[in-house]
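Every number here is computed from the coordinates shown, using simple stated rules; none is lab data. Treat the numbers as computed from the prediction; the structure is a model and nothing was measured. Here the Cβ positions follow ideal geometry from the backbone for every residue, glycine too, while neighbour counts run over all protein chains shown.
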Amino acid sequence: MPVPDRKTALITGASFGIGLELGRVFAREGYNLVLVARSADKLRQLASELEKAHGTRSLILAVDLTEPGAPAYVLDQTTRADIQVDVLVNNAGFGQYGLFAENDLEECLRQIQLNVTTLTHLTRLYLPAMIERAKVGTTTERKSGGILNVASTAAFQPGPLMAVYFATKAYVLHFSEALANELNGSGVTVTALCPGATATEFHKRANATGMNLLKFGAMDARTVAEDGYRALMAGKPVVISGFKNWLLAQSVRFSPRGLVTAIARKTQEAE
Ligand SMILES: NC(=O)c1ccc[n+]([C@@H]2O[C@H](COP(=O)([O-])OP(=O)(O)OC[C@H]3O[C@@H](n4cnc5c(N)ncnc54)[C@H](OP(=O)(O)O)[C@@H]3O)[C@@H](O)[C@H]2O)c1
């Protein structure tokens, strides 16, 4: 592992979808990677592709991030490998479609664990060292560290039929914005990336492929990843990927909450 003149980005959920594309973007930009997800074969495939294309060195951590001990394990592995994590990308997440009262409880709690608790835990584990390094770093170094949390346009309103998922993403957005404010002037930045519907494994895994929302089309994961990377590098606290998604997110701000929730339900329903 480390090639000393390269920075390192740790990306959770790098085996598929947006996380995989973020891996490709960070590698193209000269980062080494720590790739985290359960699918070791997919991570190995990506690592080999990126080594050939960009000379990227990758540490692969095949781990289930819903396990409460997983964040500490990840930190331990990067410490043992003497890797300094310059950018933490909390991307791994999943949704669960259906009525809350009927959904599987264990799956629901795993969702909160991954989307909220693991994201918070990893942030708390890696952030203090980033702040310390920024204190002693040069101006150039101070601009290079940061945290990219993948939220969603789901963060902007309640989401009947994916009630818990939408609430987890509201947490990610608010947590990230508050943290970005706390870190003002520290040299470390936090960005919440808010994609709308994106063509990945997400909807199939959530059993949500029939949703009306998907009739409006989905963005491609690469565009979303590029938007996230650019916003992180610019130190923006929030980025909504895609103009249509931005408009939708703005439109709920001045509408009655009951109406917003009713419309959200319509888009979540399947015909
Ligand atoms: N697709 C959309 O429409 C959309 C819209 C807004 C926001 N998002 C958010 O974007 C992020 C990425 O999702 P995606 O769309 O790229 O979905 P995806 O294609 O299903 O990818 C999800 C990634 O998370 C990883 N993951 C899931 N459960 C995990 C676990 N228990 N432990 C470790 N890793 C786990 C998966 O890897 P393994 O299965 O190999 O573990 C995979 O790499 C999520 O936070 C999602 O909420 C997606």
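Summary table below
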{"item": "Among residues of segment 88-111, those that are over 21 Å from Phe16 (Cβ atoms), in contact with a helix residue (DSSP H, G or I) (Cβ under 8 Å, 6 or more places away or on another chain) and not in a loop (DSSP other than H, G, I, E, B), counted", "result": "1"}
{"item": "Residues satisfying the stated conditions in segment 18-28, i.e. within 17 Å of Gln84 (Cα to Cα) and touching a His at 6+ places or on another chain (Cβ under 9 Å)", "result": "Ala27"}
{"item": "Count - residues of segment 154-192 that are part of a loop (DSSP other than H, G, I, E, B), hydrophobic (A, V, I, L, M, F, W, C) and either within 15 Å of the chain's Cα centre (by Cα) or within 16 Å of the ligand (Cβ to nearest atom) (or both)", "result": "2"}
{"item": "Of residues in segment 118-128 being polar (S, T, N, Q) and surrounded by 18 or more Cβ atoms within 10 Å (Cβ to Cβ), the one farthest from Ala70 (Cα to Cα)", "result": "Thr123"}
{"item": "So Ala197, is it over 16 Å from Ser176 (Cβ atoms), within 12 Å of the ligand (Cβ to nearest atom) and surrounded by 16 or more Cβ atoms within 10 Å (Cβ to Cβ)", "result": "yes"}
{"item": "Qualifying positions in segment 204-243 - touching a residue at least 24 places away in the same chain (Cβ under 8 Å), assigned to a helix (DSSP H, G or I) and either touching a Lys or Arg at 6+ places or on another chain (Cβ under 7 Å) or within 13 Å of the ligand (Cβ to nearest atom) (or both)", "result": "Arg205, Asn212, Leu213, Phe216, Ala221, Arg222, Val224, Ala225, Asp227, Gly228"}
{"item": "All positions within segment 195-222 that are farther than 22 Å from Arg24 by Cβ and hydroxyl-bearing (Ser, Thr, Tyr)", "result": "Thr209"}
